[in-house]
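> Please find one structure pasted underneath; my questions will follow.
Just so it is clear, none of the values below were taken in a lab; they were calculated from the coordinates. Because the structure is a prediction, the values reported are computed rather than measured. Ideal geometry is used to build each Cβ from the backbone, glycine not excepted, and the neighbour counts take in all protein chains shown.
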Amino acid sequence: MLKNLSTQEKPLKNMVGTSKVQEKLLLQGRRALSEIELIALILNSSAKCKLSMETATKILNYCENNLQELARLSIEELSMIDGISVSQAMSLSAAFELANRKNNISVRKYKIKKSKDAFDLFFSQFEDLDHEHFYVAFLNRANFVMRCELLSVGGLSGTVVDVRMIMNRAILLKSSAIILAHNHPSGNLNPSEQDRDITARVKEACKLFDIMLMDHLIIANQLYLSFADEGYL
């Protein structure tokens, strides 16, 4: 049933202190807003919109209008920008995390046929990180992904991987195959000795339970190295 247009407009007129940006969002939708306006709305919990717009401009100037660089900033770094409170920095950080999760592929219907498929599965998990994360994808017999889980978080140069934890999850999920993936914040795609050692240990553990280690990806700067493609497995 169609609603009377005047009925739809009433909430806008009745909203005390509603900013022009908020009205634009309600009338035209979120895609009509500029990046500064979007950031201002995230920051505008209690401050006047004019103040938030000024602060949003400072934020974009700080990261040279690069949203990827902005997403990489920690809460501590964001709160150091003039005019941003810790709570606003937290809100902005949370917004980027929601966007990141929204971009995740619906893994339950995702089939891995080649290393590029695995890269597409994992890429969004790593694009805004400045330290190492290690993920594992668990596949069924038809190579469809059942789960994709974060195994560990490390520092700038490495992360600790518990092989027993990987196997425990694989057995619990009744996986037929797994794929490992981690990032190199340095941008260097070459596997380290630690990378090779982890891969070898996981591969040996998989043999004991008749589970296939399908691949191990190293991801950096929108590129990847596949252990399977390079003949390292």
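> Along the Cα-to-Cβ line of residue 207, 7 Å from the Cα, sits a label point; which residues in segment 133-156 have backbone N less than 17 Å from it?
Under 17 Å, as judged by backbone N against the label point of residue 207, lies no residue of segment 133-156.
> Also, I was wondering about something else. Using amide H atoms built in the peptide plane, which far-off residues or other-chain residues are under 5 Å from residue 147 H to H?
138
> Something else about it: Would you mind checking 24/58; 24/111; 116/207 for any pair whose Cα atoms are more than 31 angstrom apart?
Working: 24/58 22 Å; 24/111 41 Å; 116/207 25 Å.
Over 31 Å apart, Cα to Cα: 24/111.
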